[in-house]
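Following: one structure in structure tokens, then a few remarks.
The values are calculated or read from the model by the stated rules, or taken from the named source; none is laboratory data. Predicted, not measured: the structure shown is a model, and the values here were computed from it. No Cβ is skipped: glycine too gets one built from the backbone with ideal geometry, and neighbour counts run over all protein chains shown.
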């Protein structure tokens, strides 16, 4: 299936690693020119090399602090200068974890700055570019946890729930412009950072943090939140549905919240 990315442009925030990089690589392989935004220059340079190898006609890494409004505005100004238009914005940024009683006001502010306001600011900055394109799509990455609560990630989940609401509202307000706006909710996904953060914890239970089946076994044992397929997901599985929603081929899906969680009780 041709997703219609030929001669298109895309921005992926948080696109230097993990799910963001997998999405950016998928868009590149489909023929899009791709800009990735993240903080680390080294990771951005590696991502650009990967995107060009994947087939992107043009690729650029833009150093942006997604917790800072001015940095975000500068990042999209660079996109404007380079391309003058934007077909697809994919926003993948999120905050860290933390229990309620361990978090102060500053940490809550930081969680919403990354989990919600980074998307608000990115979309606001990108709207003139999206409106300048002949077709435009926005996809935000929220989280499975907005439907299945986990006290360990209370601020993360709250900020992602707000993001899902913003996304739905934008699908309504931007429909008249022909800009389709959707939200993807990944479940447990085995990224490099996930593996690095949890490898010792899973190893203590005799499990391998790189094995999707072992990861879901650990999730079930400790959080009683299994998925129907019995394994965790992979970044490229999130990338596939995200690429479709961000594509010209998607002509009628807007305002959707799509679960990519291996099967759950959620509608």
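Quick notes on this one:
- Residue list for the stretch 232-260, filter: touching a helix residue (DSSP H, G or I) at 6+ places or on another chain (Cβ under 6 Å), part of a loop (DSSP other than H, G, I, E, B) and surrounded by fewer than 19 Cβ atoms within 10 Å (Cβ to Cβ): 255
- Taking the listed residues 103, 19, the one that is surrounded by 23 or more Cβ atoms within 10 Å (Cβ to Cβ) and in the same structural domain as residue 242 (by TED's automatic domain parsing) is 19, with no other qualifying.
- Unmet criterion (only one of (1) in a loop (DSSP other than H, G, I, E, B); (2) at pLDDT 95 or above) for residue 180: (1)
- Residue match in the stretch 158-178 (condition: within 17 Å of residue 261 (Cβ to Cβ), outside the structural domain of residue 133 (by TED's automatic domain parsing) and in contact (Cβ under 8 Å) with a residue 12 or more places away in the chain): no
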